[in-house]
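Q: Sharing a structure, written as structure tokens. Questions coming.
The values are calculated or read from the model by the stated rules, or taken from the named source; none is laboratory data. These numbers were taken from a predicted model, which means no experiment stands behind them. Here the Cβ positions follow ideal geometry from the backbone for every residue, glycine too, while neighbour counts run over all protein chains shown.
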Amino acid sequence: MAKSPEVKLAVFGRAGVGKSALVVRFLTKRFIWEYDPTLESTYRHQANIDDEVVSMEILDTAGQEDMLQKEGHMRWGDGFIIVYDITDRGSFEDVAPLRGLLEEVKKPKNVPLVLVGNKADLEHARQVGTEEGERLAAEMACAFYECSACADEGGCVAEAFYELCREVRRR
Ligand code: GDP
Ligand code: MG
């Protein structure tokens, strides 16, 4: 059997948007309410995507790194998930600068990227419209998912990770 491809994925976004919850949901199909927000972890995971076994290394960043650490994480990764929280406009405004830094650090351009608006279960507290997320993703030429790490009924979280793996493999 062919050696399975290995992809390095890093998850970025402001502290508190649910990066750890999304990663844990993807890995365990469970939601865990509280995670040490200062914790940075890497995980290994294998999945069958489009009839191919893909090995992933996933870096869950803490979201409060300094510029140098951020750039290091960006150099390390092959593909990136930028997460914002639909109930926190500030976290949405953090997305474009993160993308800008990615484009600076990673050359050539067109870095494999997926945009995730998390906490879609908190509709009553929404501050960022679905169309705004779609528009930003279109500007960044990347896939967009509105997900909930805590109520992930449609398997949206896994789909976001899988799509990123596909995007990395296409390059
Ligand atoms: P991180 O700092 O980006 O890693 O964020 P965490 O994963 O630690 O989550 C921050 C807070 O948001 C925690 O209290 C989580 O329980 C909560 N949270 C994360 N994802 C969701 C979600 O999809 N829905 C809701 N309602 N809360 C979430
Ligand atoms: Mg975290």
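Q: Tell me, yes or no, whether segment 96-104 has at least one residue that is of a type in the set (G, A, S) and touching an Asp or Glu at 6+ places or on another chain (Cβ under 6 Å). Give the steps one after another, and end with the answer.
A: Here is the first cut: in segment 96-104, the residues of a type in the set (G, A, S) are 96, 100.
From what's left, touching an Asp or Glu at 6+ places or on another chain (Cβ under 6 Å): none.
Looking for residues that are of a type in the set (G, A, S) and touching an Asp or Glu at 6+ places or on another chain (Cβ under 6 Å), one finds none in segment 96-104, hence no.
Residue-wise test of (1) at pLDDT 95 or above; (2) of a type in the set (K, R); (3) away from ligand 1 (no atom under 16 Å from the Cβ).
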site: E52; (1), (2), (3): no, no, yes
site: Q64; (1), (2), (3): no, no, no
site: M74; (1), (2), (3): yes, no, yes
site: I81; (1), (2), (3): yes, no, no
site: A96; (1), (2), (3): yes, no, yes
site: K109; (1), (2), (3): no, yes, yes
site: V116; (1), (2), (3): yes, no, no
site: G133; (1), (2), (3): yes, no, no
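Q: Follow-up. Just for strands (runs of 3 or more DSSP E) wholly inside segment 1-119: which have at least 1 residues that are surrounded by fewer than 19 Cβ atoms within 10 Å (Cβ to Cβ)? Can you show your working first?
A: Numbers: elements: 6-12, 41-49, 52-60, 79-85, 113-118.
Qualifying strands (runs of 3 or more DSSP E): 6-12, 41-49, 52-60.
Q: Here is a follow-up. What about E132, is it part of a strand (DSSP E or B), touching a residue at least 12 places away in the same chain (Cβ under 8 Å) and of a type outside the set (A, V, I, L, M, F, W, C)? Reasoning before the result, please.
A: Working: part of a strand (DSSP E or B): no; touching a residue at least 12 places away in the same chain (Cβ under 8 Å): yes; of a type outside the set (A, V, I, L, M, F, W, C): yes.
No, not satisfied.
Q: Something else about it: All but one of (1) free of Cβ contacts under 8 Å to residues at least 60 places away in the same chain; (2) within 13 Å of ligand 1 (Cβ to nearest atom); (3) acidic (D, E) hold for D85, so report the exception by its number.
A: (1)
Q: On the basis of being among the acidic types (D, E) and in contact with a Cys (Cβ under 7 Å, 6 or more places away or on another chain), does D121 make the cut? I'd like the intermediate steps shown before the answer.
A: Working: among the acidic types (D, E): yes; in contact with a Cys (Cβ under 7 Å, 6 or more places away or on another chain): yes.
In short, yes.
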